Structures are given as structure tokens and as C-alpha cells.
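> Okay, handing you the structure first.
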Amino acid sequence: MLTANSLTLPMLLAALPRLVAGRTALRRRLRDELARLFGVDARRIVLTDTGRAALALLLRAHGVGAGDEVIVPAYTCVVVPNQIPALGATVRWLDVSAATLGFDWSRLDAAIGPATRAVIVPHNFGPACRVPDALRLRHPRVVFLDDAAHGFASQCDGQWLGTYHDGAFFSFEYSKNLSGGIGGFALLPEGLVAEEPPAELGALDQLRLLATLTGHLLAARCALAGRVWLALARRVGLIYRSSDAEVADGVAHPPRALPALSAALLLPQLAALPALLRHKQRLAEHYRAALSAVPGLTLWPGAPGAHWVRYPFALPQPVADKAALARRLSAACGLAIGVWFDDVIHPAGSFRHGYLAGSAPEGERLAATVLNLPMNVAIACDAALDARLARLAAALAAYLKETAA
């Protein structure tokens with residue numbers, strides 16, 4: 001079941017009347033609001049139907065093409081590297097650091113070679129980082145693009161993620177910090193120009209998006225009702241989903257414009273962003289307090305200005321079947337335990353883009369040990385949550401005792 005971090009069923013229903021404003025007006029307003037938040041000219045905001053479409057747009061705008069190499073973290077979603085071969089460029093995998101969930105800067109510095117044209121900088125689970133200025137100065141030909149899909153509204157040293165490198169791509173997919181069902185945008189650096197995709201989401205796909213969103217949000221209120229709705233939608237062909245070829249064959253996503261429904265959903269979430277971020281901070285505090293009581297778990301500190309899209313924790317030893325363990329823990333505590341990322345190229349079984357097993361040992365270990373907790377706006381920070389977390393801590397302690405025997 002998908003998780004809509006910042007979206008509820010009443011919010012979806014309230015968005016429908018706003019559609020009468022029309023897609024052009026809704027997009028313009030959203031673009032203006034995003035520009036106001038980031039403190040940039042609205043022309044630097046390019047709306048798309050997905051974060052990966054925004055990445056492709058950025059790569060093209062920077063002139064990445066045949067003969068170029070793009071460094072990609074070996075702990076990411078397959079849709080990120082998918083965009084690179086379509087431009088004639090080559091994916092080069094680089095291991096991440098288990099200490100930060102992102103790049104080790106000295107390792108990145110050593111990996112950049114004559115063919116390197118771009119680096120995808122990860123901000124996994126949300127906290128923002130910054131490439132050292134000295135490293136960027138040593139490689140003036142290389143552009144550093146922020147994968148900010150997890151990191152909307154995070155800051156690093158008081159600056160918004162996406163404003164201090166050579167551009168960033170963000171996602172508004174179901175599970176992200178702001179949820180439009182689908183959607184994304186590119187934040188361009190000053191002086192770079194790019195146009196929004198001209199293609200629109202077809203009428204049937206827009207209906208599928210509405211039906212799919214309704215089912216998942218209904219499930220958040222009543223699991224049985226949501227399952228029934230989605231089963232019926234699946235039977236009549238009204239489930240919105242990505243192409244299987246993106247996962248199985250590494251095919252690039254065809255870029256399209258942001259749907260009007262997504263814009264209508266995102267605008268009120270932006271208006272409520274300060275309250276949303278405060279809620280996420282409180283959730284993170286509850287999670288950290290509960291998980292800190294379980295010996296052997298690894299937790300990552302959240303720097304000031306960091307906002308988790310999901311709250312990660314790592315087990316001390318690799319898990320043969322993380323999905324099964326997540327189901328067991330979810331049943332014990334009533335919270336939806338996630339498995340991001342379940343492979344260095346998520347989801348497991350995705351097209352490998354030349355990745356060789358064993359070449360990113362830290363990323364592989366993270367994929368085998370990290371689970372995560374939801375950061376949903378619908379989860380109240382109350383005694384009931386603390387009781388759930390106590391059950392989770394007990395279930396984790398029991399599992400660790402079993403596996404240590």
C-alpha cells in the first residue's frame with residue numbers, strides 16, 4: 001500500500017472544485033508559490049509530471065550527451081539512472097557512505113574523471129548535504145545536480161536544498177514530503193533555461209490517477225474499504241502506475257506536464273508547510289526516543305533544517321527477507337514499516353545499468369539492513385503512538401534476540 005505523507009482523503013475531495021480554475025492557472029500559481037518559498041525567480045521553476053522527468057530536463061539543459069559520464073549513487077531508485085542512457089551518456093556507479101547515507105566526498109573526488117560531466121548528489125531520506133566548495137572548484141566542468149526527491153523543504157547551513165548547486169529535481173509522488181499523487185519540478189540554477197514538457201497527461205490517465213489516489217487515501221482511513229476500492233479499480237483498468245519497462249528494461253520516462261489535479265492538491269499543502277514540518281519534527285523525536293532504547297540499531301542524526309521523508313533505522317546484520325520482516329513488525333505495532341531501498345538499485349530486480357554485485361559494499365549493506373517509519377501527517381503524536389512504538393521496540397528486540405542465538 002502506498003503512503004501519502006502529506007495528503008488525506010478530505011484534502012483530495014476539497015481539491016476537486018479547484019480544478020475549475022484550469023490547469024494553466026493552477027500551474028502558474030504553484031510555480032509562483034514555489035518560487036516564493038525558495039526565494040528565486042519563478043522562471044527557474046519547471047513543473048513536470050515526475051521527478052525523473054525533471055532530472056532528464058536538467059541533464060539536457062546542461063548539455064549532457066554522447067560520450068559523457070554521469071556519476072550516480074549506488075543506493076537509489078532505478079528511475080534515476082534510467083534517464084542517462086537516453087541522452088547517449090553513461091552511468092557510473094559510486095558507493096555511498098553508510099555513515100551519512102550519501103557520498104563520501106573524498107571518494108567522489110577520486111571518482112571524477114575526464115569523461116565525468118555530471119554528478120547526481122543524493123539526499124537520501126531527506127536531510128540535505130552540500131558538496132565542498134574546494135571539490136567543485138577542482139572540477140569546474142562537472143555539474144552537481146541534487147536528487148532532492150526525498151528532501152523537499154530541507155535546508156543545509158540555512159540554505160534551501162536545491163538552491164546552492166547546479167540545479168535540483170524534486171518529486172511530488174505519493175510518498176514524498178508534499179504529495180500530488182504524481183508530479184515533480186526542476187529548480188534551475190541562475191542563467192539556465194528550460195521549457196516545461198508540452199505533452200499532457202491523457203484524460204484516461206487523469207481518471208486513473210484520481211481513482212488510485214482515492215483508493216490509497218481511503219485505505220489510510222479504513223484498510224478494507226481501500227482494498228475493495230483498489231480491487232474494483234484494477235478490474236476496470238483504473239489503476240495509475242508507471243510503465244513496467246522502466247523497472248525491467250531501464251526505459252526512460254516520457255516527460256509530461258504536471259497534471260491539474262496534482263497542482264490543486266499541492267497548493268494547500270504548501271500553504272500549510274510550516275505546520276507540516278513541525279509535525280514531522282515531532283514524529284522524528286518520538287521515533288528517535290523509541291528506537292534509541294533498542295540496542296544494536298543504527299540511527300542517523302537530523303541536522304537543523306533537515307526533514308525526513310521517512311525515518312530510517314538500520315539493523316546490526318543483513319536481513320535475508322526485509323519485506324517479510326517489515327510485515328512482521330508492521331503487524332506488531334500497527335505502523336507501516338517501509339523497506340526503502342531494498343537494493344542498491346530500487347526496487348530489487350530492477351534493470352542494473354551495468355552495476356556489478358559487490359562494487360558498492362556500503363550501499364549493499366544499507367539495502368540489506370535499513371528499514372523506515374512513516375512520516376505521515378495523519379499520524380498523531382500522542383500516547384497511542386508511543387504505545388505503538390513500544391510494541392515496535394519490543395518486536396525489534398525479540399527479532400534481534402532470535403537472530404543473535
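A short reminder: the numbers here are calculations on the coordinates, not readings from a lab. These numbers come from a predicted model, not from an experiment. Cβ: placed from backbone, ideal geometry, glycine included. Neighbour counts: every protein chain shown.
> For the subset of segment 316-341 comprising residues that are surrounded by fewer than 18 Cβ atoms within 10 Å (Cβ to Cβ) and of a type in the set (D, E, K, R), which member is nearest to residue 80 (Cα to Cα)?
Checking each candidate, the answer is 321.
> Output the residue which, of all residues in segment 71-96 that are β-branched (Val, Ile, Thr) and closer than 17 Å to residue 245 by Cα, is surrounded by the fewest Cβ atoms within 10 Å (Cβ to Cβ).
In this case the residue turns out to be 78.
> Which residue is nearest to the chain's Cα centre (by Cα), if the candidates are limited to segment 117-148 and must be part of a loop (DSSP other than H, G, I, E, B) and among the aliphatic types (A, V, I, L, M)?
It comes out as 148.
> I would also like to ask the following. Can you name the condition, by its number, that residue 196 falls short on among (1) more than 12 Å from the chain's Cα centre (by Cα); (2) surrounded by 24 or more Cβ atoms within 10 Å (Cβ to Cβ)?
Of the numbered conditions (1) more than 12 Å from the chain's Cα centre (by Cα); (2) surrounded by 24 or more Cβ atoms within 10 Å (Cβ to Cβ), the odd one out for residue 196 is (2).
> Continuing with this model, one more query. Please enumerate the residues belonging to segment 60-70 that are surrounded by fewer than 23 Cβ atoms within 10 Å (Cβ to Cβ) and outside any helix (DSSP H, G or I).
Scanning segment 60-70 gives 62, 63, 64, 65, 66, 67, 68, 69.
> Please indicate, with yes or no, whether at least one residue in segment 372-384 is in a helix (DSSP H, G or I), surrounded by fewer than 19 Cβ atoms within 10 Å (Cβ to Cβ), more than 26 Å from the chain's Cα centre (by Cα) and of a type in the set (A, V, I, L, M, F, W, C).
yes
> Moving on. Looking at segment 149-174, which of the residues that are buried (at least 23 other Cβ atoms within 10 Å of the Cβ) and among the hydroxyl-bearing types (Ser, Thr, Tyr) is nearest to the chain's Cα centre (by Cα)?
171
> Only residues that are in contact with a helix residue (DSSP H, G or I) (Cβ under 6 Å, 6 or more places away or on another chain), of a type outside the set (Ser, Thr, Tyr) and either within 28 Å of residue 148 (Cβ to Cβ) or part of a loop (DSSP other than H, G, I, E, B) (or both): list them for segment 303-335, please.
307, 308, 313, 314, 315, 318, 319, 334, 335
Rundown of residues vs (1) within 22 Å of the chain's Cα centre (by Cα); (2) touching a residue at least 40 places away in the same chain (Cβ under 8 Å), yes/no style:
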position	(1), (2)
294	no, yes
297	no, yes
302	yes, yes
305	yes, yes
312	yes, yes
330	yes, no
333	no, yes
336	yes, yes
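> Being out of contact with any strand residue (DSSP E or B) (no Cβ under 7 Å at 6 or more places or on another chain) and under 16 Å from residue 393 (Cα atoms) is the filter here; which residues of segment 284-314 pass it?
285, 286, 288, 289, 290, 292, 293, 294, 295, 296
> Listed residues 230, 201, 213; which is under 24 Å from the mean Cα position of the chain (by Cα), without any contact (Cβ under 8 Å) to a residue 24 or more places away in the chain and more than 30 Å from residue 102 (Cβ to Cβ)?
230
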